[in-house]
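Undergrad: Okay, handing you the structure first.
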Amino acid sequence: MSKLPPPERLARDLDWNLLRTFLVLAQSRSVTDAAERLSLKQPTVSSALKRLEDRLGKRLIDRRPGRFELTSAGRLLLTEATDIHGAILRLGTAMRDVGDEVTGHVSVAMASHVISPLFDAALTDFHAAYPRATLSIEISASREALDAVTARRVSFAVCLVNEHKPGLEYRRLFREYFGLFCGPAHPLFGRHGLSMADLAGHSSVSFVTDQANDALRAVTMMRSEARLDDRIVGTSANLEEVRRMITAGLGIGPLPLHVVKEDVAMGRLWRLPPYESPPAIDVHVAWNPRTRSNRAEQALLAKLLERIENTPMEQRIYV
């Protein structure tokens, strides 16, 4: 029998459980932390890491007193193991989907402030066509949603996009505009004729993505121009919680104009400057073309992309 080349021998002999343990280690602060997450004893996890390093012939984690970091080989393995893990997670779903009727599950990672009649219409069409297919929507920060798409843990994401991650596909779903607001307990509530100078020094609340290097960069610039206090007293990835903090009077905060129209009309929020040229934020659909999608996932994404294609951009701008 001919001797197997090293890559094939590695594929034959490598234990997947070692890779699964490594994935947890890569997300942990120490071997002890990883052992707790895996409900295993620390020596068991240390032994698994050593066996994996011996099998690959590379040191994967630099572990010294006060130091626990992936090596360059470890970072490379993390990328590949994450991809493998996503494929294995989806294997059972792919097998269950074999048959004449579409019965698969669709998991969507979504930013919390997505209000889009176009997306809702796509859901209506999808359920009418495939009533036995199921759907779950998980609310998360946009960067976490994109990470889930990259790792193939979800079908697709509807979220903000700061920069396009390699390997993913994107379509702009809609554009929304942000303004600054305060709640009834705030001293600026109900005051007319305000200017940006009146906002200077006031405390603020915002989204976790409201940073100069993240998806809400334009909103960060608006807050900076208002010269609000540099200290943000409250943050959340969830719009409802940001709105709660603003309404409770913790500070001035940004919210999408079209989302909070009713709150303004009912006197729960008060719009503050700037009133002209508010920052525009685009919400995208993002998916991983390398994902082995079931037919339900393919169908919902196709219906959503079809509606985007057939709806002029001017009808997908919400103010």
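Undergrad: What's the total number of residues in segment 103-145 that are out of contact with any strand residue (DSSP E or B) (no Cβ under 6 Å at 6 or more places or on another chain) and assigned to a helix (DSSP H, G or I)?
TA: So the answer is 15.
Okay, residues lined up against (1) modelled with pLDDT of 85 or more; (2) assigned to a loop (DSSP other than H, G, I, E, B); (3) of a type in the set (S, T, N, Q); (4) in contact with a Lys or Arg (Cβ under 6 Å, 6 or more places away or on another chain):
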site	(1), (2), (3), (4)
Arg37	yes, no, no, no
Ala87	no, no, no, no
Met95	no, no, no, no
Gly99	no, yes, no, no
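Undergrad: Determine which single condition Met221 fails, assuming it passes every other condition in (1) assigned to a helix (DSSP H, G or I); (2) buried (at least 23 other Cβ atoms within 10 Å of the Cβ).
TA: Unmet for Met221, out of (1) assigned to a helix (DSSP H, G or I); (2) buried (at least 23 other Cβ atoms within 10 Å of the Cβ): (2).
Residue by residue, here is whether (1) in contact with a Phe, Trp or Tyr (Cβ under 9 Å, 6 or more places away or on another chain); (2) farther than 30 Å from Pro117 by Cβ; (3) assigned by TED's automatic domain parsing to the domain that holds Ile308 holds:
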residue: Ala148; (1), (2), (3): no, no, yes
residue: Arg153; (1), (2), (3): no, no, yes
residue: Arg175; (1), (2), (3): yes, no, yes
residue: Cys182; (1), (2), (3): yes, no, yes
residue: Ser195; (1), (2), (3): no, yes, yes
residue: Ser204; (1), (2), (3): no, yes, yes
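Undergrad: If a residue must be crowded, with 21+ Cβ neighbours inside 10 Å, small (Gly, Ala, Ser) and part of a loop (DSSP other than H, G, I, E, B), how many such residues does segment 241-288 contain?
TA: The total comes to 1.
Undergrad: Take the residues of segment 53-71 that are among the acidic types (Asp, Glu) and either touching a strand residue (DSSP E or B) at 6+ places or on another chain (Cβ under 7 Å) or outside the structural domain of Leu19 (by TED's automatic domain parsing) (or both): which is farthest from Leu23 (Cα to Cα)? Steps first, answer last, please.
TA: Residues of segment 53-71 among the acidic types (Asp, Glu): 53-54, 62, 69.
Filter again for either touching a strand residue (DSSP E or B) at 6+ places or on another chain (Cβ under 7 Å) or outside the structural domain of Leu19 (by TED's automatic domain parsing) (or both), leaving 62, 69.
Numbers: Asp62: 15, Glu69: 13 Å.
Once the filter is applied, the top-ranked residue is Asp62.
Undergrad: Taking the residues in segment 289-319 that are of a type in the set (A, V, I, L, M) and crowded, with 21+ Cβ neighbours inside 10 Å as candidates, determine which candidate is modelled with the lowest pLDDT.
TA: Going residue by residue through segment 289-319, those that are of a type in the set (A, V, I, L, M) are 296, 299-302, 304-305, 308, 313, 317, 319.
Of the ones still in play, those that are also crowded, with 21+ Cβ neighbours inside 10 Å are 296, 300-301, 304.
Working: Ala296: 93, Leu300: 96, Leu301: 96, Leu304: 97.
So, considering only residues that are of a type in the set (A, V, I, L, M) and crowded, with 21+ Cβ neighbours inside 10 Å, the one modelled with the lowest pLDDT is Ala296.
Undergrad: Any residue in segment 29-49 that's among the small types (Gly, Ala, Ser): show its pairings with residues that are not in a helix (DSSP H, G or I) at Cβ separation under 6 Å, as long as the two are six or more apart or on different chains.
TA: Ser30/Phe68; Ala34/Ser28
Undergrad: Of these, Trp287, Trp270, which one is of a type in the set (Phe, Trp, Tyr), at negative phi, under 18 Å from the mean Cα position of the chain (by Cα) and in the same structural domain as His113 (by TED's automatic domain parsing)?
TA: Details: Trp270 fails: under 18 Å from the mean Cα position of the chain (by Cα).
Step by step, each of Trp287, Trp270 is checked, and only Trp287 is of a type in the set (Phe, Trp, Tyr), at negative phi, under 18 Å from the mean Cα position of the chain (by Cα) and in the same structural domain as His113 (by TED's automatic domain parsing).
Undergrad: Here is a check on your reading of the model: is Tyr177 outside any loop (DSSP other than H, G, I, E, B) and under 19 Å from Arg143 (Cβ atoms)? Show your work before the answer.
TA: Values: outside any loop (DSSP other than H, G, I, E, B): yes; under 19 Å from Arg143 (Cβ atoms): no.
Against the criterion (outside any loop (DSSP other than H, G, I, E, B) and under 19 Å from Arg143 (Cβ atoms)), Tyr177 does not qualify.
Undergrad: Against the definition (under 30 Å from His105 (Cα atoms) and in contact (Cβ under 8 Å) with a residue 12 or more places away in the chain), how does Tyr170 come out, yes or no?
TA: Here the answer is yes, as Tyr170 does meet what is asked.
Undergrad: Sticking with this one: Does Arg20 count as assigned to a helix (DSSP H, G or I) and modelled with pLDDT of 80 or more?
TA: When the stated conditions are applied, Arg20 passes them.
Undergrad: Let me ask something additional. Test Arg268 against the criterion of being of a type in the set (D, E, K, R) and modelled with pLDDT of 95 or more, and give yes or no.
TA: yes
The values are calculated or read from the model by the stated rules, or taken from the named source; none is laboratory data. The model shown is predicted, which means the values in this text are computed figures rather than measured ones. Virtual Cβ from ideal backbone geometry, glycine too; neighbours counted across all protein chains shown.
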